[in-house]
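**Student:** One structure, as structure tokens, below. Some questions next.
Just so it is clear, none of the values below were taken in a lab; they were calculated from the coordinates. Treat the numbers as computed from the prediction; the structure is a model and nothing was measured. A quick note on method: Cβ atoms are made from the backbone with ideal geometry, for glycine too, and the neighbour counts reach across all protein chains shown.
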């Protein structure tokens, strides 16, 4: 069965420190991985996807098929990064059916 | 606001009652997804439509749940004979089918079953 695991429910770091949010997945096929973010009082929105290989708001994520991981990283955290982050896996079967992890609440302390 | 909208935003109902939620997607989007999110968990896929056709339903969607998208535009999700376990946030998302598909989420409808 497809599964996404985010081992940390809560993560707290100081402003300017590096951030890494962990995500591991299990899927026998060829996955597409995403990070979604939900800021306070806002709706869920796409942050980045592995096929884009982009850096969004200073965040990057690399798909490691050997370790089945897709960790989200940022070298210098900012206070506005405080939010709920969800890792998601798309099972590509003609539609983007997303399987989400349980989420990590990131708090950036001043 | 031209994003995905959902109504109502909050619904409190008594166990055994029927409820219906509505989702209005972004106008040109041909795919529409429903998810359910319980406290402390990520969203869970329920079902999706391509235009008016419902193409997949999760095993989470019991017989008490039904979804429609009659004209390929807005969608409704009905829960019959609600149970306390149905209490959750119900999220709708829409997208344009493409190689770089991106789902845009609505604000959700929070259901509380008493």
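**Student:** Can you give the direction-averaged projected area of the convex hull of the alpha-carbon atoms in the range B:1-57, in nm²?
**Tutor:** Averaged projected area of the range B:1-57's Cα convex hull equals 5.3 nm².
**Student:** Turning to a different aspect of this structure: Given R₀ = 41 Å, FRET efficiency for residue A:80-residue B:28 by Cβ-Cβ distance, to 0.05?
**Tutor:** Details: r = 31 Å, r/R0 = 0.75.
Computed FRET efficiency for residue A:80 and residue B:28 comes out at 0.85.
**Student:** Over chain A, what number does the Rg to Rh ratio reach, with both radii from the alpha-carbon atoms and Rh per Kirkwood? Write out the running numbers ahead of the final one.
**Tutor:** Details: Rg = 13.4 Å, Rh = 14.0 Å.
In chain A, Rg relative to Rh is 0.96.
**Student:** Let me ask another. For labels at residue A:53 and residue B:80 in the simple 7 Å Cα→Cβ model, what's the distance in nm?
**Tutor:** The answer from the label model is 5.2 nm.
**Student:** Two decimals is fine: what is log10 I(q)/I(0) at q = 0.19 Å⁻¹ for chain B, from a Debye sum with one equal scatterer on every Cα and no solvent?
**Tutor:** -0.95
**Student:** While we're looking at this one, here's another question. Could you work out the per residue convex hull volume over the alpha carbons of the protein assembly as shown, in cubic angstrom?
**Tutor:** 126
**Student:** Averaged over peptide B:52-62, how many Cβ atoms belonging to another chain are found within 10 Å of each residue's Cβ? Please report the intermediate quantities before stating the final value.
**Tutor:** Values: counts 0, 0, 0, 4, 4, 0, 1, 0, 0, 0, 0.
Across B:52-62, the average partner-chain Cβ count within 10 Å equals 1.
**Student:** Shifting gears a bit: For B:4-14, what's the mean count of beta carbons from other chains sitting within 10 Å of each residue's beta carbon? Could the numbers behind the result be given before it?
**Tutor:** Values: counts 1, 0, 1, 0, 0, 0, 0, 0, 0, 0, 0.
Whole-number average of other-chain Cβ neighbours for B:4-14 is 0.
**Student:** Okay, moving on. Please give, to one decimal in nm, the separation of the simple spin-label points placed at residue B:66 and residue A:40, each 7 Å out from Cα toward the Cβ.
**Tutor:** Using points 7 Å along Cα→Cβ, the separation is 4.3 nm.
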